[in-house]
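J.: This is the structure, below, for whatever I ask next.
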There are 2 protein chains.
Amino acid sequence: MDSRLSATARAHPNIALIKYWGNRDEALRLPANASISFNLSGLETITSVAFEPRLTADSLEIDGLPAQGAAAERVVRHLDHIRALSGQRARARVVSRSNFPAGTGIASSASAFAALTVAACAACGLSLPEDHLSRIARLGSGSAARSIPDGFVALETGARDEQAFAHSLAAHTHWDLVDCIALVSREPKSVGSSEGHRRAATSPLQLARVEDAPRRLEACRRAIQEKDLLTLGEVVEQDCLLMHSVMMTSRPSLLYWLPVTVHILHQVREWRSHGLAAACTIDAGPNVHCLCEAASLEQVVSGLSHIPGVGEVIVCHPAPGATRIS
Amino acid sequence: MDSRLSATARAHPNIALIKYWGNRDEALRLPANASISFNLSGLETITSVAFEPRLTADSLEIDGLPAQGAAAERVVRHLDHIRALSGQRARARVVSRSNFPAGTGIASSASAFAALTVAACAACGLSLPEDHLSRIARLGSGSAARSIPDGFVALETGARDEQAFAHSLAAHTHWDLVDCIALVSREPKSVGSSEGHRRAATSPLQLARVEDAPRRLEACRRAIQEKDLLTLGEVVEQDCLLMHSVMMTSRPSLLYWLPVTVHILHQVREWRSHGLAAACTIDAGPNVHCLCEAASLEQVVSGLSHIPGVGEVIVCHPAPGATRIS
């Protein structure tokens, strides 16, 4: 294998603090609104890409199994895009492995397409600035754009491809905000995010959610800058409920919550009323991400673990962006 | 007691199919949007009112106990309004009794203020048309306006008091639509509807919900007329989720659901996917109202009863409006 034609990259998934839901352009995955997230330490996808002139088709292995069907087509389309940019015409051998379950509301497609983008571009010899890598990652999965830069990240929106990239708001060392993920289900969700994004426009609430986004983005940016968990928690929890409102009122309706999801929401509100600084956010799935600072970490993890229906609590700190590791 | 100065009335609570949430005028309780409901048989409030010149203050007994505090003040204000209309100056003895628990999302204030309005007006000698009685009831509790007319009822909205009254869309004998109420809590809710209505405007979603209301009202009216449960169920379920979206995203947030509320929503969706015609709606509380027709009643009641956390299932058919009974 020619080492100049191969590369390996690591990327972390991210948790959105201000959610992205719905596209203004489906083909280009131009988000309906800007979003803010941070990368999650401990959880990662490592992807190797090698362009091999002798291959007659892309060879794709994801988590130890050959990729098939729609998932494989999506990766091939992404490789085609990078081939077109670089002039590289060979087919690729891709081996990708994540250390967390896919399709459960932890954004596995984010780390997967971020790592694939960095590895494939490097293997092609493309040396691109971060904003361009982020735009390419976005074409594979909208939230993957946010797994490219370091730490706390904003994905801007815009009417054109060149405007919709993510950039770092603060390094992962800026603030030790902890995400305690209460896993309540490891089942793949019945309706994936790509289909969900398409349904967003069918909700009578989506436009109002999008129009109010600048206010929430500004409040979130400021709270990150000032490391103000109370203000952050308020806007993050409202933002997540706005997204789930759109999901529930789409046609057909998307109800990602399980009974235990509501149990955790109430529990965290009760803790907060007793002075514990913690807030919830929920991605497109039933798991609840509980945000806190290091000082309350033990109390939050212990409290979440005791809720019937919570299978495991994963603790993540802010993490760096996607990087080539070999 | 002078019988010309006393009267007794019966009124039923109602379940809103298209919800009313938020007022355009708090003092007059002019609803932000029109709503549609039907009165619930079996559940009722019976209220006697006697104006007694010798009383120095209104004497109020509700469900066997003297009314106190804010609840008493609200009734006195309502009596004052009726006294002002009629010229009657005596204080009143009011005895009211409901056969269902208050404050659990079954609109006890609706039947209470409807029965109070009919009894007090009759006791004063006021003979008013239904639309006027409905407007008076509305001043006590918005949804009480809908418990005045017969059967399936629409409460119109408008910029002035005279425009906001309820009228019957179809008699209670028109369609045997059954409401199976899964009681999951008998606890009074922590935040009452009056406070909830005031919070509606703090949600970024309320305006969009209100602006989309004409579409839902028209679909609901037509579905009632055509006795089309499938169409009715779709719009009713979406409408209720729109209201709870506004509640959850208000500031402070109102999360009326319990874990079992979500369990029931999923369960009914699963039944529907297997061909059982049923739909859910949820008032300002955690109980779920499951709508079906007589043919599936047994199956729905049995299914709901087997869900852990469902304490009791109350079955209600469409009922007449508020009437004087003595």
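We did not get these values from a lab; they are worked out from the coordinates using the rules stated. Every value quoted in this text rests on a predicted model; they were computed, and no experiment measured them. Here Cβ is always computed from backbone atoms with ideal geometry, including for glycine, and neighbour counts include all displayed protein chains.
J.: Please compute, for peptide A:245-251, the average count of beta-carbon atoms on other protein chains lying within 10 Å of each residue's beta-carbon.
T.: 6
J.: How large is the charge dipole for the protein assembly as shown, taken about the Cα centre, if only the Cβ atoms of Lys, Arg (+1) and Asp, Glu (-1) carry charge, to the nearest 20 debye?
T.: With only Lys, Arg, Asp and Glu charged at Cβ, the dipole is about 600 debye.
J.: Treat the count of other C-beta atoms within 10 Å as a stand-in for reagent exposure and order A:D212, B:D179 from fewest to most. Show your work: numbers first, answer last.
T.: Details: A:D212 19, B:D179 23.
Placing the least packed residue first, the sequence is A:D212, B:D179.
J.: Quick query: amide H of B:N287 versus all other amide H atoms, modeled in the peptide plane; which residues come in under 5 Å with a sequence gap of 5 or more or a different chain?
T.: B:V184
J.: Quick check: the angle from helix A:259-273's long axis to the longest principal axis of chain A, C-alpha only, nearest 10 degrees?
T.: Once rounded, the angle reads 60 degrees.
J.: Using the alpha-carbon atoms, what tilt in degrees (0 to 90, nearest 10) does helix B:229-248 show relative to the longest principal axis of chain B?
T.: 70
J.: Now a separate question. If you rank B:H266, B:H174 by fewest surrounding Cβ atoms within 10 Å, what's the result?
T.: Fewest to most other Cβ atoms nearby, the residues stand as B:H266, B:H174.
J.: Would the protein assembly as shown count as rounded, prolate or oblate if I go by the C-alpha gyration tensor, calling it rounded below 1.5 in a/c and otherwise prolate when a/b exceeds b/c, oblate otherwise?
T.: The shape class here is prolate.
J.: If you add up the charges near B:D179, with Lys and Arg at +1 and Asp and Glu at -1, over every other residue whose beta carbon is less than 12 angstrom from its beta carbon, what do you get?
T.: Spelling it out: positives minus negatives among the neighbours equals -3.
J.: Given contacts defined as C-alpha pairs under 8 Å and at least six residues apart, what's the relative contact order of chain B, whole-number percent?
T.: Here the relative contact order equals 25 percent.
J.: To make sure I understand, if each residue's beta carbon is the centre and we count other beta carbons within 10 Å, what order do A:I148, A:I18, B:I314 fall in, fewest to most?
T.: The order, fewest Cβ neighbours first, is B:I314, A:I18, A:I148.
J.: Place +1 on the Cβ of every Lys and Arg and -1 on the Cβ of every Asp and Glu in segment B:36-77, take the dipole about the Cα centre, and give the residue among B:T56, B:P66, B:F38 whose Cα lies farthest towards its positive end.
T.: The listed residue farthest towards the positive side: B:T56.
J.: In addition: Taking every residue in A:255-263, how many Cβ atoms of other protein chains lie within 10 Å of its Cβ, on average?
T.: If you average over the peptide's residues, the count of other-chain Cβ atoms is 5.
J.: Now for a separate question. Do the sum for chain A: with -39,500 (n - 2.57) for every DSSP H run of n ≥ 4, divided by all residues, what is the mean residue ellipticity at 222 nm, to the nearest 500 deg cm²/dmol? Don't jump to the answer; show the numbers that get you there.
T.: Details: 9 runs with 116 residues, N = 326.
Computed ellipticity for chain A at 222 nm equals -11500 deg cm²/dmol.
J.: Measuring from a point 7 Å out along Cα→Cβ, what nm distances, shortest first, does B:R198 have to its partners in the other copies?
T.: 4.6
J.: If each of A:R215 and B:T323 carries a label point 7 Å out from its Cα toward its Cβ, how far apart are those two points in nm?
T.: That separation, rounded to one decimal, is 4.9 nm.
J.: Can you tell me how segment A:177-316 classifies by the Cα gyration tensor, rounded, prolate or oblate, using a/c under 1.5 as the rounded cut?
T.: oblate
J.: While we're looking at this one, here's another question. What are the label-to-label distances in nm, one decimal and shortest first, from A:R215 to the same spot in the other copies, with labels 7 Å along Cα to Cβ?
T.: 2.2
J.: Here's a follow-up. How many lysine pairs are close in the protein assembly as shown, with Cα atoms under 27 Å apart and the two 8 or more places apart or on different chains?
T.: Number of lysine pairs found: 4.
J.: If the only charges are +1 at each Lys and Arg Cβ and -1 at each Asp and Glu Cβ, what is the size of the charge dipole of segment A:247-326 around the Cα centre, to the nearest 20 debye?
T.: Magnitude of the dipole: close to 260 debye.
J.: Here's another thing I want to ask about it. Given labels modelled 7 Å from the Cα in the Cβ direction, how far is it in nm from A:E187 to A:Q68?
T.: Each label point is offset 7 Å from its Cα along the Cβ direction, giving 2.2 nm.
J.: Stokes-Einstein diffusion coefficient for segment B:3-174 at 25 °C in a medium of 0.890 mPa s, Rh from the Kirkwood formula over Cα pairs: what value in µm²/s?
T.: 155
J.: I need the inter-copy label distances for A:A72: point set 7 Å along Cα to C-beta, values in nm with one decimal, smallest first.
T.: Relative to the other copies, A:A72 has label-point distances of 7.8 nm.
J.: Once the Cα atoms of helix B:69-86 and of chain B are each reduced to a long axis, what angle between those two axes, in degrees from 0 to 90 to the nearest 10, is obtained?
T.: Long axis of B:69-86 versus the principal axis of chain B: about 60 degrees.
J.: Now a separate question. Can you tell me the mean projection area, over all orientations, of the convex hull of chain A's alpha carbons? Units nm², please.
T.: Its Cα hull, projected and averaged over all orientations, spans 15.5 nm².
J.: Per residue of A:55-66, count partner chain C-beta atoms within 10 Å of its C-beta, then hand back the mean as an integer.
T.: Mean inter-chain Cβ contacts per residue within 10 Å come to 0.
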